[in-house]
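Asks: Got a structure for you, written out below as structure tokens; questions coming shortly.
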Amino acid sequence: MSQLFTIFGNPVSHSKSPLMHNLTFKGLNHDGVYTRYRLEEGEQLRSKFFELDIKGANITVPHKEYAFEACDELDEFAQKVGAVNTIVKKGEKLYGYNTDAPGFLKAISEFKEIKKVLFLGAGGTAQSTSIILRDAGYAVTILNRSAGRLKRYQKEGFETFTFESFKTDEAFDLVVNMTSAGLEDESLPCPIEILEEIIPKAKACVDVIYGKETPFLKFAKTKNKPTKDGSDMLLYQGVIAFEYFCEKRYSFEEIKEQMQKAFIL
Ligand code: NDP
């Protein structure tokens, strides 16, 4: 019988993950099927996993913290950042991983000579990616609309600002929109005066939102900056998740070759 995989989230109807993984199963001739499952109660994640006899799953908004709680064993990095987006069942145990952050790290690796990074936003995605970037040697500063979410970054020793406290004498090599501003609206992630200060000094700008040109990326283009959206991050988190699903049977490049077909259809 085929191994079953799914994405748990709410909503999940828009997710590209089923297409990405099913194309890869087909291309690699691996006997797997990937579905989507709209889960309303995050507490039910673990019982659903066993009930449906799933081999592996991705977990998206709003259940990444529940996914962390649902696991028996956690990868060292997932443990450190407190968020899981990939679970694999081995025997009767659930193993949890975070592939969003390494996916983002890989996605920005094409930009060379980057040292200082400014994150606009301080949500769950910024949390894991800020830590992996720092571990990789980048200096990360966090700028967020509200002060509340900055507390955990301050505890971790990151430099943080709100829009009101932001000082602009520093130059940031890479500016990243880590907010959901621009996802379903046409808003910028911070006041335009701040962007006018920081973008001209930046070497490149990245958005984690994919599949559309956000107001942030449009603004960066008016300043002639190299830009990229969140598609590579999405692709790479999927490739790394697939490596875990198939317990490293295929190489990163083999998986990538198949999975990227989901982005050109
Ligand atoms: P969270 O809900 O955890 O955090 C949202 C963040 O955005 C907060 O910092 C919030 O600020 C800020 N924010 C929201 N709206 C605005 C606004 N209008 N102006 C300024 N700041 C705003 O979200 P996630 O971290 O889970 O997701 C962030 C983004 O990352 C989403 O767009 C998501 O689609 C994308 N993503 C992309 C992935 C990929 O593979 N490409 C993978 C995962 C996520 P405040 O604290 O003030 O509320």
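The values are calculated or read from the model by the stated rules, or taken from the named source; none is laboratory data. Bear in mind that the values here come from a model prediction, so they are computed numbers and not experimental data. Quick reminder, even Gly has a Cβ in these numbers, built from the backbone with ideal geometry, and neighbours come from all protein chains shown. Heavy atoms of the whole protein, side chains included, go into the accessibility calculation; ligands, DNA and RNA do not. Shrake-Rupley method; radii C 1.70, N 1.55, O 1.52, S 1.80 Å.
Asks: Show the residue pairs that are 6+ apart or on different chains and have beta-carbon atoms under 7 Å apart, the first residue being within segment 179-194 and more than 14 Å from THR162 (Cα to Cα), the second being more than 6 Å from the ligand (Cβ to nearest atom) and open to solvent by 80 Å² or more (accessible area, probe 1.4 Å).
Replies: Pairs that qualify, where the first residue is more than 14 Å from THR162 (Cα to Cα) and the partner is more than 6 Å from the ligand (Cβ to nearest atom) and open to solvent by 80 Å² or more (accessible area, probe 1.4 Å): there are none.
Asks: Given the conditions (1) more than 16 Å from the ligand (Cβ to nearest atom); (2) surrounded by fewer than 19 Cβ atoms within 10 Å (Cβ to Cβ); (3) in a helix (DSSP H, G or I), which single one is not true for GLN258?
Replies: Single failed check for GLN258: (2).
Asks: Please go through segment 33-46 and pick out each residue that is closer than 14 Å to VAL88 by Cα and open to solvent by 50 Å² or more (accessible area, probe 1.4 Å). Spell out how you get there, then give the answer.
Replies: So in segment 33-46, the residues closer than 14 Å to VAL88 by Cα come out as 34, 45-46.
The answer is ARG46, and nothing else.
Asks: Still on this structure, please answer the following. In this structure, is LEU174 out of contact with any Cys (no Cβ under 7 Å at 6 or more places or on another chain) and within 30 Å of ASP75 (Cβ to Cβ)?
Replies: Values: out of contact with any Cys (no Cβ under 7 Å at 6 or more places or on another chain): yes; within 30 Å of ASP75 (Cβ to Cβ): yes.
So LEU174 passes the test.
Asks: Further, regarding this structure: So the check is Cβ under 6 Å with 6+ separation or different chains; which pairs have a first residue in segment 218-229 that's under 19 Å from GLU186 (Cα atoms) and in contact (Cβ under 8 Å) with a residue 60 or more places away in the chain and a second one that's open to solvent by less than 40 Å² (accessible area, probe 1.4 Å) and aliphatic (A, V, I, L, M)?
Replies: Taking only residues 6 or more apart or on different chains, the pairs are LYS228/VAL206.
Asks: Here's another thing I want to ask about it. Go through segment 167-218 and count every residue that is within 9 Å of the ligand (Cβ to nearest atom), aliphatic (A, V, I, L, M) and under 17 Å from the mean Cα position of the chain (by Cα).
Replies: 5
Asks: Counting just the residues of segment 199-218 that are assigned to a helix (DSSP H, G or I) and under 23 Å from LYS112 (Cβ atoms), which one comes out most open to solvent (accessible area, probe 1.4 Å)?
Replies: Taking segment 199-218 as the starting set, the residues that turn out to be assigned to a helix (DSSP H, G or I) are 199-201, 215-218.
Still in the running and under 23 Å from LYS112 (Cβ atoms): 199-201, 216-217.
On the way: ILE199: 0, PRO200: 63, LYS201: 85, PHE216: 3, LEU217: 9 Å².
It comes out as LYS201.
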